[in-house]
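**Student:** My questions all concern the structure below.
The values are calculated or read from the model by the stated rules, or taken from the named source; none is laboratory data. Please read all numbers here as calculations on a predicted model, not as lab measurements. Cβ placement follows ideal geometry from the backbone for every residue including glycine, while neighbour counts extend to all protein chains displayed.
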Amino acid sequence: MGTRKKSEPKGAGATSDRSAKDGAKGPAARPLRAAAGATRAKKATAPRSSVRPSGREAEGPAEPVPHGAIRVRRMHRRDLNQAWDFLKLVFRDVNRETVEYQRPKSKQRFLESYDDEGVEQLIFETEGEIVGYAECAFEPTGSDNWINPRYFESRDIRPLYVEELASHPDYQGRGVGSFMLEQLEHLARVRGCTHLVLEVAENNRRALGFYKKRSFYRLDAAVFMAKRVESEPELLPPRPLKELRPHALAPELEDPET
């Protein structure tokens, strides 16, 4: 099961302390954000919420995990390469059948998203193996985001945007996806959100069935449509050469005095 990522969200009221998460302090903990400034619009950093601690400060010491149980934790910088390989595995088959990529198109963009404020990236693992990944945001911003906030405001919806939801193919049907959704619903409740909002490819039938079974419903969303146009090639087809008459010149090349 996989849910796509499309926007570049950055929360204004709910920030994520990545430097504390990595055990670093100050601007030095954000090398990718500085590098990304050349291609993406500069975004102001919102003041950190005093109500909600984040990152490693919020997690505290890791609790022992029973054998065969799934543990959820916030992603650390050291997880980036392994998480990227995991996403490629999950979306490999889905991406062959969809118009749009159902995950970040490039590893660079995925690495940059780690330093986005207001983004939660969660790792679900068992026995040290990643079996699930979830990414969500509290506000959509960015030069290419697809969300119209007024749509939700007019309906009194305060969304938690699910940017990525992926479960390991070998663990589907074992409760990983349900646990991930339960975790996201928990985040939505404690942050004052009223809905989970996500995008999924219409031909990703497995994912659609999963969400509909869990009371997700369709919003006013774009659908890719196409119409076949009968056309002709711009260049004419090959044309056979005329046979040259023996001892004869073309009229335009003959001597006018003869």
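**Student:** In the range 222-232, is there at least one residue being in contact (Cβ under 8 Å) with a residue 60 or more places away in the chain, of a type outside the set (Lys, Arg) and either surrounded by 10 or more Cβ atoms within 10 Å (Cβ to Cβ) or more than 24 Å from residue 134 (Cβ to Cβ) (or both)?
**Tutor:** yes
**Student:** Could you go through the range 184-199 and let me know if any residue there is crowded, with 20+ Cβ neighbours inside 10 Å and in contact with a Gly (Cβ under 8 Å, 6 or more places away or on another chain).
**Tutor:** no
**Student:** From 166, 188, which residue is closer than 25 Å to residue 124 by Cα and in contact with a helix residue (DSSP H, G or I) (Cβ under 6 Å, 6 or more places away or on another chain)?
**Tutor:** None of the other options fit; the residue is 166.
**Student:** Let me ask you something else. I want to confirm something. Restricting to the range 188-227 and keeping residues that are outside any helix (DSSP H, G or I) and charged (D, E, K, R), which single residue is modelled with the lowest pLDDT?
**Tutor:** The residue in question is 220.
**Student:** Return the total of residues in the range 200-216 being in contact (Cβ under 8 Å) with a residue 12 or more places away in the chain and surrounded by 15 or more Cβ atoms within 10 Å (Cβ to Cβ).
**Tutor:** Selection size over the range 200-216: 7.
**Student:** A further question follows. For residue 197, are the conditions met, namely being of a type in the set (A, V, I, L, M, F, W, C) and in contact with a helix residue (DSSP H, G or I) (Cβ under 9 Å, 6 or more places away or on another chain)?
**Tutor:** Yes.
Results for (1) hydroxyl-bearing (Ser, Thr, Tyr); (2) under 14 Å from the mean Cα position of the chain (by Cα); (3) part of a strand (DSSP E or B); (4) crowded, with 23+ Cβ neighbours inside 10 Å, shown as yes or no for each residue.
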{"residue": "135", "(1), (2), (3), (4)": "no, yes, yes, yes"}
{"residue": "139", "(1), (2), (3), (4)": "no, no, no, no"}
{"residue": "147", "(1), (2), (3), (4)": "no, yes, no, no"}
{"residue": "151", "(1), (2), (3), (4)": "yes, no, no, no"}
{"residue": "155", "(1), (2), (3), (4)": "no, no, no, no"}
{"residue": "163", "(1), (2), (3), (4)": "no, yes, yes, yes"}
{"residue": "166", "(1), (2), (3), (4)": "no, yes, yes, yes"}
{"residue": "170", "(1), (2), (3), (4)": "no, no, no, no"}
{"residue": "174", "(1), (2), (3), (4)": "no, no, no, no"}
